[in-house]
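This report refers to the structure that appears directly beneath it.
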Amino acid sequence: MSVGAPRGLASSGQKLITEILHPLSAAEEPLSPGPDVTISAEKDKEPGLANGTPLEISSPASASVLLSRLQLDGDPEADAHDPFGSGEPRDLFVTVDDPKKHVSTMETYITYRVSTKTTRIEFDLPEYSVRRRYQDFDWLRIKLEDSQPTHLVPPLPEKFVMKGVVDRFSEEFVDTRMKALDKFLKRVADHPVLSFNPHLNAFLTAKDLNKRQGLALLTKVGESVKNVAGGYKLRARPAEFCAMGEYLDMFSQKLGTIDRIAQRILREQSEYLTELREYGAVYSAWAGSEEQLQRPLEGVAGCVTTSCGALEDLSDNMSQDFLPVLREYVLYIESMKNVLRKRDQVQAEYEGRLEAAVLRKQEDRTPIPVEVEKCQDKVECFNADLKADWERWQRNKRQDFKQLLTGMADKNISYYEKSQAAWESLITLLQEKQTEDKTSETN
């Protein structure tokens, strides 16, 4: 069991983490609680949801909290890879599984079991199990984007469109979506900042999630980012962020090309599979009317059947494992571009305020306003958070695509090995048949 040493978040610079106030945090100005949050008049009581669920709003940056985090012993996921490659002890484990279909007079929908294991003191219990539907996950994503505007929030799978699938209640669709939701939640839980968001806590623990009201304490945090730069125009994006934007454009183009070709390959494989099955059936029917050729013809039919099964496995891997990862990263690119735009807005606000302050100073020698310094702090914190998430995303991407390409190679090798073994067995059968015929002629 290891203990993580106290450390600062990406935006904390060289100061002690306990001394830092994030310029975009809710603590910058007092926020009134939302209609679903009840605050007792007694000072020593904690705010909570209307349904009684406690709401933790303290900063995760406390050194004592960091020191108290321990990795769960004996958890089967403890030895699993960290999607972000941080190598730090993990103390929050989440799983999405067990999809169930619900039918009512008003609607039909699927819910998923969300299981949580944790040793964090922000949680009242070490384990939770709740059921959530897709719109609950979407609520969480929106709340995370609103309350943590400087960070990259992982994307969700598309709600209605999933290539190759028509029935959204089919087993294939539900299984593919469940895997995507599980990956989304694991990425959030492994993030050093998003994982401490109170909205995530409520999502993982509250039996009844009131999405209409939601948690209002952090929703104003992103308002300054959403509404800034109304009268400002960014002069020039810094070179490092220009490089990020260019890379995202290039990466998006490559993924789009691969996805388009892969979709075409999948359609052609499906058509070939249909023809191959008809092809094998002809040999089976032929074998019934040719006694002397019955065994060779049945052998050919068996080889075709084996090849059909191998090709079907290959196609399933492409549609269920390969293409969803490509689509996830296309959505990831859009999320990253959105964060870059928010960063540009904050920088544009700072440049506009600074220019106005400089002009005033030249006219009446007034000092630079404090608001300008706060805007500069916002830009610096946004830059630090974005760069940290960019590095984490790059590590995650490299690991995901190594696994993806390795799996694709294994499936292709398996396909050709199965087909080769089947046809080699036919050669052996034909040689045995030839030997039998020669022996029969001799006798």
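Here ARG267 and GLU334 are evaluated by their C-beta separation; at R0 = 25 Å the FRET efficiency comes out at 0.45. Summing charges over neighbours of ASP410, with a neighbour being any other residue whose Cβ is under 14 Å away from its Cβ, gives -1 when K and R count +1 and D and E count -1. Residues in the stretch 292-305 carry Karplus couplings, in order, of 6, 10, 4, 5, x, 5, 5, x, 5, 4, x, 5, 5, 4 Hz; the curve used is 6.51 cos²θ - 1.76 cosθ + 1.60 with θ = phi - 60°, and Gly or Pro positions show x. With each label modelled as a point 7 angstrom along the Cα→C-beta vector, the THR108-ASP175 pair spans 2.0 nm.
Extending 7 Å from Cα along the Cβ direction at GLN292 and again at GLU275 yields two label points whose distance is 3.2 nm. Extension gain, ILE427 to ASP400, is 5.6 nm, computed as 0.36 nm per intervening residue step minus the present C-alpha separation.
Modelled this way, with points 7 Å down the Cα-to-C-beta line, the labels at GLU373 and GLU158 are 5.0 nm from one another. Surface listing: HIS102, HIS151 arranged by accessible area from highest to lowest gives HIS102, HIS151, probe 1.4 Å. In square angstrom, rounded to the nearest 10, how much accessible surface does SER307 have for a 1.4 Å probe? My reading of the accessible area for SER307 is about 10 Å². Largest to smallest in accessible area, the residues THR119, THR150 fall in the order THR119, THR150 (1.4 Å probe, all protein chains included). About its Cα centre, the stretch 92-208 has a charge dipole of approximately 80 debye under the convention of +1 per Lys or Arg Cβ and -1 per Asp or Glu Cβ, with nothing else charged.
Students often check this: by mean Cβ neighbours within 10 Å, which of 321-330, 377-386 ranks highest, and how do the rest follow?
Working: 321-330: 18.6, 377-386: 20.4.
Result, highest mean first: 377-386, 321-330.
The values are calculated or read from the model by the stated rules, or taken from the named source; none is laboratory data. Everything numeric here is computed off the predicted structure, so don't read it as measured data. With ideal geometry, Cβ positions are generated from the backbone for all residues, glycine too; neighbour counts draw on all protein chains shown. Just so you know, the surface numbers come from the protein's heavy atoms only, side chains and all, with ligands and any DNA or RNA stripped out. Shrake-Rupley method; radii C 1.70, N 1.55, O 1.52, S 1.80 Å.
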